[in-house]
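See structure below.
The values are calculated or read from the model by the stated rules, or taken from the named source; none is laboratory data. Everything quoted here is computed from the prediction, not taken from an experiment. Positions of Cβ are generated from backbone atoms using ideal geometry, with glycine treated the same way; all protein chains shown enter the neighbour counts. SASA here: full protein model, heavy atoms, side chains in, ligands and nucleic acids out. Shrake-Rupley method; radii C 1.70, N 1.55, O 1.52, S 1.80 Å.
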Amino acid sequence: MIIEICANSFESAQAAQLAGAHRIELCTELSVGGLTPSYGLIEKVVSELNIPTHVLIRPRSGNFTYSKEEFDVMLRDIAFCKKMECAGIVSGFLTSESKIDSGKTKRLIAASEGMEFTFHRAFDWVENPIEELQKLIDLEVNRLLSSGQKPTAIEGISLLKELQNISKGKIEIMPGGGINIENALKFKEAGFKSIHFSATTKKQVLSKKPIVSMHSDSFFEEGIIATSNAETIQKIKALLA
């Protein structure tokens, strides 16, 4: 079973490689669902590690309906990833009605030529997942990352299995969201070929308390840094072997 680690730093990417994960989705800011990493981080990971690197292209937090200027930034980021010979791109674009914007997504895919393309969890915002899945199949997207429109993939596993049955192998359905050692095996038993998780542990960083908080209250507390844990990844990989 393919293990993809959501790596939010060089340390997380390194842990994924050491643990034998098959690829990473490189991003930053897990507290807002992930954002595009810096050019410096992309270059360091690709040049110093051997693990296939798929880069999240998401210019900001919030919804997935982007302005003309934001879309231009996304295309420029993809061009840099191609220059760095990254293995894949993870992105997506919705209309203001929360439907997949086929036109914009097609342009993202075209810009990603030579790299795999994963449509990310923007899919979990759409109202008619079955109808929208067909759009992704028609666009020849390599895979769909989804939690089954629930807070966690285990809660959304019924929809994920339905999507997999409908796809008939034309697009890979990759569960992601809240996957851990307690529930990972359920996805293999359900017939999925890959899973996506972060395997993060929280590390306390001793420092003077800032005057103004800069972290999201919804995810990590001030002074806490989350990094993917190699031991956790190895345990889940062994479980799925």
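Report in % the part of the accessible area of the chain that belongs to carbon and sulfur, leaving out ligands and nucleic acids; probe 1.4 Å. Could the numbers behind the result be given before it?
Values: 6010 of 11920 Å².
Here carbon and sulfur together make up 50 percent of the probe-accessible area.
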- Message: Using a Gaussian network model on the chain with a 10 Å cutoff between Cα atoms, which of ILE137, ILE100, ILE42 fluctuates the most?
- Response: ILE137
- Among SER102, SER38, SER198, which one moves the most in a GNM of the chain with springs linking Cα atoms closer than 10 Å? SER38
- Message: If I take R0 = 35 Å and measure r between the Cβ atoms of SER96 and LYS44 in this structure, what FRET efficiency does the formula 1/(1 + (r/R0)^6) give, to the nearest 0.05?
- Response: 0.45
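What helices in the chain pass both tests, a Cα length along the helix axis of 20 Å or more and a mean Kyte hydropathy of -1.0 or higher, using whole DSSP H runs? Spell out each step's value before the answer.
Numbers: long enough: 68-83 (23 Å, -0.37).
Both cut-offs are met by 68-83.
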- If you roll a 1.4 Å probe over the heavy atoms of the protein chains, what accessible area per residue do you get for the chain, in Å²? 49 Å²
- Item | Cα-projected label distance for LEU139 with GLN234, points at 7 Å along beta-carbon direction, nm | 3.9 nm
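Per the Kirkwood treatment, what hydrodynamic radius in Å, one decimal, follows for the range 93-187 from the mean inverse distance over all distinct Cα pairs? Let's see the in-between values first.
Details: mean 1/r = 0.0738 Å⁻¹.
Value: 13.5 Å, from the Cα pair sum.
What whole-number volume per residue, in cubic angstrom, does the convex hull of the C-alpha atoms of the chain give? Intermediate values should be presented prior to the final figure.
Working: hull volume 31.2 nm³, N = 241.
Spelled out: Cα convex hull of the chain, divided by residues, is 129 Å³.
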- Message: Nearest 5 percent is fine: what portion of the DSSP beta bridges confined to the chain is antiparallel?
- Response: 20 percent
- Cα atoms only, the range 9-145: Rg and Dmax in Å? 14.5, 42
- Query: Which residue fluctuates the most in the chain, going by a Gaussian network model with Cα springs under 10 Å, if the choices are HIS120, HIS54, HIS22?
  - Reply: HIS22
- Task: Give the cysteines in the chain for which no other Cys Cβ lies under 4.7 Å away, or write none if there are none.
- Result: CYS6, CYS27
- Task: Taking H placed 1.01 Å from N in the peptide plane, check which residues at least 5 places from TYR66 or on another chain put their amide H under 5 Å from its amide H.
- Result: LEU94
- In whole percent, what relative contact order does the chain give with Cα contacts below 8 Å and a gap of six or more residues? 20 percent
- Note on the structure: Once all protein chains are kept in place, GLU48 shows an accessible area at probe 1.4 Å, nearest 10 Å², of 110 Å²
- Message: If each residue of separation counts as 0.36 nm, what is the full-extension length gain between LYS170 and GLU155 once their alpha-carbon separation is subtracted?
- Response: 3.0 nm
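Go ahead and estimate [θ] at 222 nm for the chain from helices alone: -39,500 (n - 2.57) per DSSP H run with n ≥ 4, summed, over the residue count, rounded to 500. It would help to have the intermediate numbers written out before the result.
Numbers: 8 runs with 84 residues, N = 241.
Taking each H run of at least 4 residues, the total per residue is -10500 deg cm²/dmol.
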